[in-house]
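Structure, as C-alpha cells:
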Amino acid sequence: MLEAICNGAPIMSWPYVGEQQTNCRYACIEWGFGMETGNNVKRDEVEAEVKELIEGTKGKEMRTKIMKWKQIAENAIKPGGSSYKNLDTLVKEVLLKNYKND
C-alpha cells in the first residue's frame, strides 16, 4: 500500500489473507482511494472496475484523495517531518546509544 500512496496510484483491492482485509478497509472506506473487487470475480466485472478506476468519476475522486495522501507521506519524510524525526530518534536512542556503550 505504501508504494501506491507514494506514487499517487489508487488501489484496486481483492483481499485474501492476513493484513489485506485491514489494508482494504482503510484504502476503500477510511481513506477513500481504493476500490474492492467482490469475492466472485468475473472478467467483465474486473474490466468495468478497472475502467471506472482509470476513466470514471469515482476513479477521479480516488486519484484526488490519494494525491493528498502522497503529499502527507512526502512531508513526513522531509527533514523535520514525523517519519524523519522518528527515524532520527531511533538511530540516536537505540543504535548509537548501544554503540557508545561498547
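Any read-out appearing in this document is the output of simple, stated calculations on the displayed coordinates, not a laboratory observation. Here the structure is a predicted model, which means the values were calculated and not measured. A quick note on method: Cβ atoms are made from the backbone with ideal geometry, for glycine too, and the neighbour counts reach across all protein chains shown.
Being of a type outside the set (Asp, Glu) and in contact with a strand residue (DSSP E or B) (Cβ under 6 Å, 6 or more places away or on another chain) is true for just one of Gly81, Gly34. Which residue is that? Walk me through it before giving the result.
Numbers: Gly81 fails: in contact with a strand residue (DSSP E or B) (Cβ under 6 Å, 6 or more places away or on another chain).
Being of a type outside the set (Asp, Glu) and in contact with a strand residue (DSSP E or B) (Cβ under 6 Å, 6 or more places away or on another chain) holds for just one of Gly81, Gly34, which is Gly34.
Scanning the stretch 28-43 for residues that are among the aliphatic types (A, V, I, L, M) and more than 26 Å from Trp69 (Cβ to Cβ) yields a count of 1. Please work out if Ile72 is in contact with a Phe, Trp or Tyr (Cβ under 6 Å, 6 or more places away or on another chain), part of a helix (DSSP H, G or I) and within 14 Å of Leu2 (Cα to Cα). So Ile72 does not fit the description; no. Just to verify a result, which residue in the stretch 36-67, among those that are closer than 18 Å to Arg25 by Cα and among the basic types (Lys, Arg), is farthest from the chain's Cα centre (by Cα)? Across the stretch 36-67, the extreme among qualifying residues is Lys58. Of all residues in the stretch 43-66, one or more are assigned to a helix (DSSP H, G or I), exposed (fewer than 15 other Cβ atoms within 10 Å of the Cβ) and touching a helix residue (DSSP H, G or I) at 6+ places or on another chain (Cβ under 8 Å).
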